[in-house]
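The values are calculated or read from the model by the stated rules, or taken from the named source; none is laboratory data. Everything quoted here is computed from the prediction, not taken from an experiment. Heads up, the Cβs are rebuilt from the backbone with ideal geometry, glycines too, and the neighbour counts pull from every protein chain shown. Keep in mind that these areas ignore ligands, DNA and RNA; they rest on the heavy atoms of the full protein, side chains included. Shrake-Rupley method; radii C 1.70, N 1.55, O 1.52, S 1.80 Å.
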Amino acid sequence: MENTVYKLTNELLNSLNNKQIVGGIFCDFTKAFDCVDNDILISEMENYGVIGKGKELFQSYIKDRYQWVLIDNKTNHNTTVSNWARIKHGVPQGSVLCPTLFLLYINDLPAVISTKAISVLFADDTRVLFTHSNFMEFHVNIETAFIIQVLRYSTVFHVTPKHALIIQERLKRQ
């Protein structure tokens, strides 16, 4: 986390010092860890060289999992138990692997967004920083990245931005 904050702050300050227009898209994905498509994640892991026994290990960790829910009402001493249900999406939460698996899942997002952007990924929070000296070019870059790329990517990978904030700043030329 410390490195991502440093990278974002450093890029922002450098751009402002160079009198550029600076803007960013800040996305927090809704229930990000629950939305991971296991087949896509395994495919992404293969792209990074996870094959053979390593791939089989991860498949056994994330696929063919089941869950049930227990509701224990202490007021009237009534307990309700659901049926077992297969989990089709998501990564097991509560371990250090969960954010890492999600980052593997969305790691190609920066390349999809724009080569003109600086992307910082941390778990389910994504920050994309844009800089440009020309106001019109800046607007085209940031709008194209958000409207076309982030929303399209979100649809394909089954993740939905819970909050998406676009901020821009332009210092007065002196």
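Work out the P(r) tail for the stretch 11-97: percent of alpha carbon pairs separated by more than 14 Å, whole number. Value for the stretch 11-97: 77 percent of Cα pairs lie more than 14 Å apart. For the stretch 1-68, the set of chymotrypsin sites (Phe, Trp or Tyr not before Pro) satisfying both a DSSP loop assignment and a count of at most 11 other C-beta atoms within 10 Å is given as 48, 68.
What shape does the stretch 62-103 have by the C-alpha gyration tensor, where a ≥ b ≥ c are the square roots of the eigenvalues, rounded means a/c under 1.5, and otherwise prolate means a/b greater than b/c and oblate the rest? Oblate shape, in that a/c is at least 1.5 and b/c is the bigger or equal ratio. Quick check: at a probe of 1.4 Å, how many percent of the accessible area of the stretch 43-99 sits on carbon and sulfur atoms? So the carbon and sulfur contribution to the accessible surface is 55 percent.
For the stretch 1-54, with only Lys/Arg (+1) and Asp/Glu (-1) charged at the beta-carbon, what is the dipole magnitude about the Cα centre, in debye rounded to 20? Walk me through the numbers before you get to the answer.
Numbers: 4 positive and 8 negative charges, 63 e Å.
In debye, rounded to 20, the stretch 1-54 gives about 300.
Based on the alpha-carbon gyration tensor of the stretch 6-60 and its eigenvalue square roots a ≥ b ≥ c, which shape applies: rounded if a/c is under 1.5, prolate if not and a/b is larger than b/c, or oblate? Prolate shape, in that a/c is at least 1.5 and a/b is the bigger ratio.
Only protein heavy atoms count here; under a 1.4 Å probe, residue 75 has an accessible surface of about 130 Å².
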